[in-house]
Amino acid sequence: MKSTLTNVAALALATAFVATFALSGTSLQGPANAQSSASAEAMAQLRATESQTISISATADVAQDLSRDEFDATSVAELRRVQLAAAAPVWSGPTVGDFIANPPYPNFSLDQVVQVGLQYQGVPYRWGGDTPAGFDCSGFVQYVYAQFGISLPHSVRGQAAMGTPISRADARAGDIVIFNDMSHNGIYMGGGQILDAPYAGKSVTVRPLWTDAYYIVRLGI
């Protein structure tokens, strides 16, 4: 009888000991959902006071329907190009697409390319521009060559890939100047000069080439 009572007492003590440790372990930790509850409460306060809102620019819609032949994915720079082009003054004259469909100069001539290009001297530089409302470098070349029925992508790299590289000794005015790092291009004018849309704040003009890091490509012949 004494032995049985002793065993019962020992069992009771052991159970109490284990329960004490289990209780202290759980008391050291907050409720499993304490953090999520706090976050939910904070979000509720933000919504109640309208202290934080999210707005989306109207230009975001521009990114909904973009395509470029040479791009597998739309880059941030390309999105910006399209946004700026969309914000440019409205051009009511013929576009690149119009010229490709009905070229005013169906017979290609490098001399004629020069004459057509010179008509746009003074047109302001505009990133993403491909009309006389504003040109960027490749947009200018694209617009001029479209008038001869030559469809070019709106990028320096794409235009370089479509042309045939030629030596500088064989280069003629009307050919295309491609910078080695694909950062710029324009229409070669002979004598070490280029007709191009330079950069923001400038306009289409003839100027001396300022670097030797370029090559010449020919299209249309």
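The values are calculated or read from the model by the stated rules, or taken from the named source; none is laboratory data. In this text, all values refer to a predicted model and were calculated from it rather than measured experimentally. Here Cβ is always computed from backbone atoms with ideal geometry, including for glycine, and neighbour counts include all displayed protein chains.
Observations, loosely collected:
- For the residues Asp175, Asp181, the requirement of being among the acidic types (Asp, Glu) and surrounded by fewer than 16 Cβ atoms within 10 Å (Cβ to Cβ) singles out Asp181.
- Residue within region 201-214 that is surrounded by fewer than 18 Cβ atoms within 10 Å (Cβ to Cβ), in contact with a Pro (Cβ under 6 Å, 6 or more places away or on another chain) and not in a loop (DSSP other than H, G, I, E, B) present: yes
- Those residues of region 121-164 which are more than 10 Å from Val96 (Cα to Cα), in contact with a helix residue (DSSP H, G or I) (Cβ under 7 Å, 6 or more places away or on another chain) and of a type in the set (Val, Ile, Thr), in sequence order: Val141, Val156
- In region 122-138, the residues that are in contact with a Lys or Arg (Cβ under 8 Å, 6 or more places away or on another chain) and either more than 15 Å from Tyr199 (Cβ to Cβ) or part of a helix (DSSP H, G or I) (or both): Ala133
- Every test in (1) over 20 Å from Asp111 (Cβ atoms); (2) assigned to a helix (DSSP H, G or I) is passed by Pro165 save one, and that test is (2).
- Checking the stated criteria, Ser167 turns out not to satisfy the condition of being surrounded by fewer than 23 Cβ atoms within 10 Å (Cβ to Cβ), in contact with a helix residue (DSSP H, G or I) (Cβ under 7 Å, 6 or more places away or on another chain) and hydroxyl-bearing (Ser, Thr, Tyr).
- Residue within region 102-121 that is at pLDDT 95 or above, outside any helix (DSSP H, G or I), surrounded by fewer than 16 Cβ atoms within 10 Å (Cβ to Cβ) and on the phi > 0 side of the Ramachandran plot present: no
- Residue selected from region 92-101 under the condition of a type outside the set (S, T, N, Q) and out of contact with any Asp or Glu (no Cβ under 9 Å at 6 or more places or on another chain), by the criterion surrounded by the most Cβ atoms within 10 Å (Cβ to Cβ): Phe99
- Residues satisfying the stated conditions in region 184-200, i.e. exposed (fewer than 14 other Cβ atoms within 10 Å of the Cβ) and over 17 Å from Phe135 (Cβ atoms): Gly190, Gly191, Gly192
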